[in-house]
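Scroll down for the structure; my scribbles are underneath it.
The values are calculated or read from the model by the stated rules, or taken from the named source; none is laboratory data. Here the structure is a predicted model, which is why all the values come from computation and not from measurement. Note that each Cβ is placed from the backbone with ideal geometry, even for glycine, and that neighbours are counted across all protein chains shown.
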Amino acid sequence: MSVLLQLLNGLTTGAIYILLASGLTIVFGLQRIVNAAHGVFYMLGAYLAIDLGKRLGFPLTLLVVFAACAVIGLVFERIAIRPLIRWKRDPTHVLVLTLGSAIIASELTKMVWGPVPRLAEIPASLSGSLHVAGVTYPAYWLFVMLFTTVLMAAIGVVFHTTTLGALVRSIALNREMSEALGTNAPAVSSNVFALGTGVAGLAGALAAPILLVTPTMCFDLLMVLFVIVILGGLGSLRGVVVSGVLVGVVNAFGVAYLTGTTGTIFVFAVMIVALIVRPHGLFGQEGVD
Amino acid sequence: MLRLEGVTAGYGDVTVLRDVTLDVRQSEAVALLGRNGMGKTTTIKTIMGLTSVRGGRVLFGERDITRLRPFEIARLGIGYAPEGRQLFGPLTVVENLRIPFVNKQPDGSRWPSQLARVFDLFPVLAERRAQTAGSLSGGEQQMLAIGRAMVGGDRYLVLDEPTEGLAPTLVTSIIDSLKRLKAEGLAVLLVEQNVRSALAIADRAYLLEKGRVELTASANELKNDRALLERCLGVGRA
């Protein structure tokens, strides 16, 4: 197995990680909560993509998955999370609530879609393969990387150049002050939460032809995502991009050359070493960036 | 008119203000005097909806704003510059100013004139417009904090120690700027440790002691009544 192939593998799974971790880290930056149900939207996106893909075609499926996951995320935030924040409950309550919601969602998924793992078909237009420096590589995987790159760049531009971005960053930096300047922080936070769950749905739809779609996939990546978010520096979008790539690549090489089964052991080793050197993560600082 | 009526308020289980009544009329400047820990900042935070009010009410005009969320209070046109400035350090000067603006006016047509108003009062901010707030000097940061309050507060400014930690020449310049704002018709409620600076702007003053209004007097009374001034200076210097 060539080194280049492993690198591309790592970058592809890294892209999925980045899409998922971006929502988690921004929500943490804004609301100081850990949403353990984030993976549910990834799972939902994957199942919806399998069901809708053939009927709607790939682009429209992505759009519908994003919209559906964003709307469900918005409702979930309003009825389940926001009251806990308003009542100033300990963040642990939110963690347990979201974890419990994920367990319920996992069971419901088993009832609706069955326990047998599934895989989506790669869209016909992207089913070919490309030859990169002597390596044959599926075009779809490259598409996933490209999609993630463009989406993250777009979110980064919005964050750093628009007024909406300035509002979001002001809440993350100093919520009380931002509210005292007229920012409706709960509303902005809800919308950002919905954006995050929508993007998690996209990650699921994109991953559906690559990774196995199961009723427990909402938990599969959770630990790795926490590593990426912490390694990147809580609240840092730039951080999850860098640490997502790092973790994806370390994982791929770990699987290929060392353990043959799971590279997660190396992912955690990297995290521990990195946090000893940089306790606040790679890009750890106040607020979101 | 902005008015506190018998307000008892604090944070969590701690009560800081007890039965505080005070008002700030349109186009008037009022100073809150008193030692540290006597409730000056809590009074201001209570107006902005940032404390828990246990008794009494806060009125803005005829409207009871006691239970409004901070963002709703800010959108009524009350501009707030807190103790320690609390700028958004990684955001630029213009972004800091833009936040209260977009929250109040979704249509952007008045933005250039608002920005011009701030830059007219504090020309140095125009030079630094693209710099991050965190990279400004202390004096410039204070100007930005006041400018940010001006953008949101087209009727009332609530300022918590706007000259704190500044060199004397900067204090004079900030005080002059506040006088100009008052002359434009804004009402100003000001917490100030330095009684002389406060009396240079204020029409009236309230002296807070242990969370209660201990004394209220006009600026002229304070300036002419040596004993009264000594009392305020004494607590002001402590």
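Looking across region A:100-128, just one residue is more than 30 Å from A:Leu5 (Cα to Cα), touching a residue at least 12 places away in the same chain (Cβ under 8 Å), out of contact with any Pro (no Cβ under 9 Å at 6 or more places or on another chain) and not aliphatic (A, V, I, L, M), and that is A:Ser101.
Let's see how each residue does on (1) under 20 Å from the mean Cα position of the chain (by Cα); (2) part of a helix (DSSP H, G or I); (3) under 15 Å from A:Ala203 (Cα atoms); (4) of a type outside the set (Gly, Ala, Ser):
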position: A:Leu63; (1), (2), (3), (4): yes, yes, yes, yes
position: A:Phe66; (1), (2), (3), (4): yes, yes, yes, yes
position: A:Phe76; (1), (2), (3), (4): yes, yes, no, yes
position: A:Ile79; (1), (2), (3), (4): no, yes, no, yes
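Being touching a residue at least 40 places away in the same chain (Cβ under 8 Å) and surrounded by fewer than 18 Cβ atoms within 10 Å (Cβ to Cβ) is the filter here, so list the residues in region B:155-176 that pass it.
We begin by selecting, within region B:155-176, every residue touching a residue at least 40 places away in the same chain (Cβ under 8 Å); these are B:155-162, B:164.
Result: B:Arg155, B:Glu164.
Going through region B:211-238 one residue at a time, which ones are at pLDDT below 75 and assigned to a loop (DSSP other than H, G, I, E, B)? Of everything in region B:211-238, just one residue is at pLDDT below 75 and assigned to a loop (DSSP other than H, G, I, E, B), namely B:Ala238.
In the condition set (1) closer than 23 Å to B:Leu76 by Cβ; (2) modelled with pLDDT of 95 or more, B:Pro106 is compliant with all but (2). For region B:74-94, a tally of residues being within 28 Å of B:Leu166 (Cβ to Cβ) and either more than 8 Å from chain A (Cβ to nearest Cβ) or without any contact (Cβ under 8 Å) to a residue 12 or more places away in the chain (or both) returns 11. Among the residues of region B:92-115, the ones that are within 25 Å of B:Ile44 (Cα to Cα) and outside any helix (DSSP H, G or I) come to 1 in all.
Whether any residue in region A:129-139 is touching a residue at least 40 places away in the same chain (Cβ under 8 Å), part of a helix (DSSP H, G or I) and surrounded by fewer than 17 Cβ atoms within 10 Å (Cβ to Cβ) is what I want to check. Quick ask: steps written out before the conclusion?
Of all residues in region A:129-139, those touching a residue at least 40 places away in the same chain (Cβ under 8 Å) come to A:132-135, A:137.
Keeping just the survivors that are part of a helix (DSSP H, G or I) gives none.
No - not one qualifying residue is present in region A:129-139.
Looking only at residues of region B:48-73 that are assigned to a loop (DSSP other than H, G, I, E, B) and more than 13 Å from A:Gly182 (Cβ to Cβ), we find that the one that is farthest from the other protein chains (Cβ to nearest Cβ) is B:Glu62. Here A:Ala154 clears all of (1) at pLDDT 90 or above; (2) within 23 Å of A:Gly39 (Cβ to Cβ) except the condition numbered (2). Output the number of residues of region A:104-116 satisfying the condition of being surrounded by 15 or more Cβ atoms within 10 Å (Cβ to Cβ) and within 21 Å of A:Arg82 (Cβ to Cβ). Within region A:104-116, residues that are surrounded by 15 or more Cβ atoms within 10 Å (Cβ to Cβ) and within 21 Å of A:Arg82 (Cβ to Cβ) number 1. When region B:148-170 is filtered for residues that are modelled with pLDDT of 90 or more and of a type in the set (A, V, I, L, M), the ones remaining, listed by number, are B:Ala149, B:Met150, B:Val151, B:Leu157, B:Val158, B:Leu159.
For region A:81-98, which residues satisfy the criterion of being of a type outside the set (S, T, N, Q) and surrounded by 16 or more Cβ atoms within 10 Å (Cβ to Cβ)?
Here is the first cut: in region A:81-98, the ones of a type outside the set (S, T, N, Q) are A:81-91, A:93-97.
Selection gives A:Ile81, A:Arg82, A:Leu84, A:Ile85, A:Val94, A:Leu97.
For A:Pro209, work out the one condition from (1) in a loop (DSSP other than H, G, I, E, B); (2) within 14 Å of another protein chain (Cβ to nearest Cβ) it doesn't fulfil. So the condition that A:Pro209 fails would be (2). Number of residues in region B:28-60 that are surrounded by fewer than 19 Cβ atoms within 10 Å (Cβ to Cβ) and within 14 Å of the chain's Cα centre (by Cα): the value is 1. Residues in region A:251-285 that are surrounded by 17 or more Cβ atoms within 10 Å (Cβ to Cβ) and within 14 Å of another protein chain (Cβ to nearest Cβ) were compared, and the one that is modelled with the highest pLDDT is A:Phe283. Can you find a residue that is more than 15 Å from A:Met217 (Cα to Cα) and assigned to a loop (DSSP other than H, G, I, E, B) anywhere in region A:111-120? No, region A:111-120 contains no residue that is more than 15 Å from A:Met217 (Cα to Cα) and assigned to a loop (DSSP other than H, G, I, E, B). A:Val135: in contact with a helix residue (DSSP H, G or I) (Cβ under 6 Å, 6 or more places away or on another chain) and under 30 Å from A:Leu8 (Cα atoms), yes or no? So A:Val135 passes the test.
Only one of the numbered conditions (1) within 14 Å of another protein chain (Cβ to nearest Cβ); (2) assigned to a loop (DSSP other than H, G, I, E, B) is not met by B:Arg35, and that is (1).
Give the number of residues within region A:16-38 that are more than 18 Å from A:Leu119 (Cβ to Cβ) and in a helix (DSSP H, G or I).
Start the filter on region A:16-38 by keeping residues that are more than 18 Å from A:Leu119 (Cβ to Cβ), which leaves A:17-38.
Among the residues that remain, those that are also in a helix (DSSP H, G or I) are: A:17-31, A:38.
Selection size over region A:16-38: 16.
Within the bounds of region B:67-90, is there any residue that is of a type in the set (Ser, Thr, Tyr) and modelled with pLDDT under 95? There is no residue in region B:67-90 that is of a type in the set (Ser, Thr, Tyr) and modelled with pLDDT under 95. Restricting A:Ile85, A:Ile50, A:Ile103 to those that are under 14 Å from A:Gly201 (Cβ atoms), assigned to a helix (DSSP H, G or I) and not hydroxyl-bearing (Ser, Thr, Tyr) reduces the list to A:Ile50.
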